[in-house]
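Read the structure below first, then the notes.
The values are calculated or read from the model by the stated rules, or taken from the named source; none is laboratory data. Predicted model only: the values in this text are computed from it and were never measured. Ideal geometry is used to build each Cβ from the backbone, glycine not excepted, and the neighbour counts take in all protein chains shown.
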Amino acid sequence: MFRFSNPEYLYLLLVIPVLIALYWYTVRIQKANIKLFGKFDTVLGLIPGMSFVRGWVKMIFLLNAYLFVVLALAGPQFGAKLTEVKRKGIELIIALDVSNSMLAEDIQPNRIERAKQSISQLVDKLTNDHIGLIVFSGDAYVQLPITSDYASAKMFLSSINPGMVPKQGTAIGSAIELAASSFNPESKASKVIVVISDGENHEDDPVESAKVAAENGIVIHTIGIGSPDGAPIPIGGNQNYLKDENGNVVVTKLDEETLSKIAVIGNGKYVRATNTQLGLLPLFENINKMQRSEIKDKVYTEYNEQFQYLLAIALLILIVEFIILERKNQWISGLNLFGNKRGGEL
């Protein structure tokens with residue numbers, strides 16, 4: 001496993017575009033000063049040693065050396081020893097609706113983006129628990145298997161978007177069944193599913209799926225995202241909305257009845273999202289009260305430092321940069337190594 005022990009140093013890379021801009025501005029000033037003495041090409045011919053190309057080449061070498069020094073400071077490491085660690089926690093799978101109806105803007109900025117923001121906040125509060133992500137529309141897919149790697153969870157979460165599931169619809173039942181089968185069968189930890197959807201189920205019987213999951217000791221909470229009055233579904237921007245076969249604007253409404261039934265049968269709780277609070281964090285308080293059991297994780301406990309290789313590369317680049325002269329070498333440029341009539345300029 002690869003990691004940076006001091007990733008905060010990577011922010012120093014933001015200096016690179018600033019240095020490029022400053023050097024470009026300096027070169028521009030130099031060229032402007034040359035033009036003050038006459039035609040640029042003519043005056044430049046009177047200064048045979050000057051080379052703007054060499055300056056840029058040296059600058060590129062310096063920036064690359066700087067890049068490798070920053071990466072070395074960040075502390076690149078490779079995992080060397082895998083150890084089994086025992087923790088007490090629960091297994092939590094979030095099933096997120098990614099159907100087109102989740103683009104509705106009755107929850108700001110829209111239903112799915114608000115849900116992703118709240119899930120990210122929840123991940124930040126987890127400590128020893130395992131989390132998984134499932135996305136569903138007309139079908140359900142595992143976006144992230146059960147893991148304790150919260151950084152990966154947030155990375156996979158950021159890539160979720162409507163339309164990533166090709167079949168449209170809202171198959172909540174399939175999502176519950178997939179989530180139930182995705183838990184570690186050997187784990188004795190409490191198992192929880194949180195379904196986030198507008199509840200407009202069109203594909204299956206989610207209540208029956210919830211009943212089967214509950215019989216296996218899985219708790220199911222639901223979050224209804226949207227408004228009962230409904231909202232149109234934006235497509236393509238410019239106030240364009242999804243329309244039916246008759247040309248009427250499709251309005252997607254929150255189906256609280258279905259989501260409430262799922263929560264009741266799943267021994268969980270139903271929460272309706274609002275613009276101020278999605279509902280995941282209040283649910284987390286309930287989840288946090290659940291009995292935590294021993295969970296085994298395999299983690300890297302020893303790492304090999306790799307910074308010395310990057311420093312060596314940086315040093316090599318600096319040596320090459322030092323060898324390259326800022327001005328043209330008149331002795332070398334006068335050599336006729338290939339028998340040409342004129343020596344090449346270096």
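Structure data summary
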| item | result |
| --- | --- |
| Residues within the range 183-204 that are closer than 7 Å to E91 by Cβ and of a type in the set (K, R), tallied | 1 |
| Wholly enclosed helices (runs of 4 or more DSSP H) of the range 132-248 bearing at least 1 residues of a type in the set (K, R), assigned by TED's automatic domain parsing to the domain that holds L122 and out of contact with any Ser or Thr (no Cβ under 8 Å at 6 or more places or on another chain) | 206-215 |
| Failed item, numbered, when G173 is tested on (1) within 24 Å of E285 (Cβ to Cβ); (2) without any contact (Cβ under 8 Å) to a residue 40 or more places away in the chain | (1) |
| Within the range 259-281, tally of residues that are over 8 Å from I223 (Cα atoms), of a type outside the set (S, T, Y) and not in a loop (DSSP other than H, G, I, E, B) | 6 |
| Among (1) at pLDDT 95 or above; (2) within 30 Å of L19 (Cα to Cα) - the single one I93 does not satisfy | (2) |
| Test: F4 is more than 21 Å from L316 (Cα to Cα) and either hydrophobic (A, V, I, L, M, F, W, C) or modelled with pLDDT of 90 or more (or both) | yes |
| Test: E294 is at negative phi and at pLDDT below 80 | yes |
| Single match in V271, V264 (criterion: assigned by TED's automatic domain parsing to the domain that holds A210, surrounded by 13 or more Cβ atoms within 10 Å (Cβ to Cβ), over 26 Å from the mean Cα position of the chain (by Cα) and within 20 Å of V123 (Cα to Cα)) | V271 |
| Subset tally (residues that are surrounded by fewer than 22 Cβ atoms within 10 Å (Cβ to Cβ) and more than 21 Å from N184 (Cβ to Cβ)) for the range 132-153 | 2 |
| Total residues in the range 190-239, condition surrounded by fewer than 23 Cβ atoms within 10 Å (Cβ to Cβ), in contact with a helix residue (DSSP H, G or I) (Cβ under 6 Å, 6 or more places away or on another chain) and among the polar types (S, T, N, Q) | 1 |
| Count of the range 116-131 residues which are assigned to a helix (DSSP H, G or I) and crowded, with 16+ Cβ neighbours inside 10 Å | 5 |
| Residue check, A104 at pLDDT 90 or above, within 28 Å of P7 (Cβ to Cβ) and among the hydrophobic types (A, V, I, L, M, F, W, C) | no |
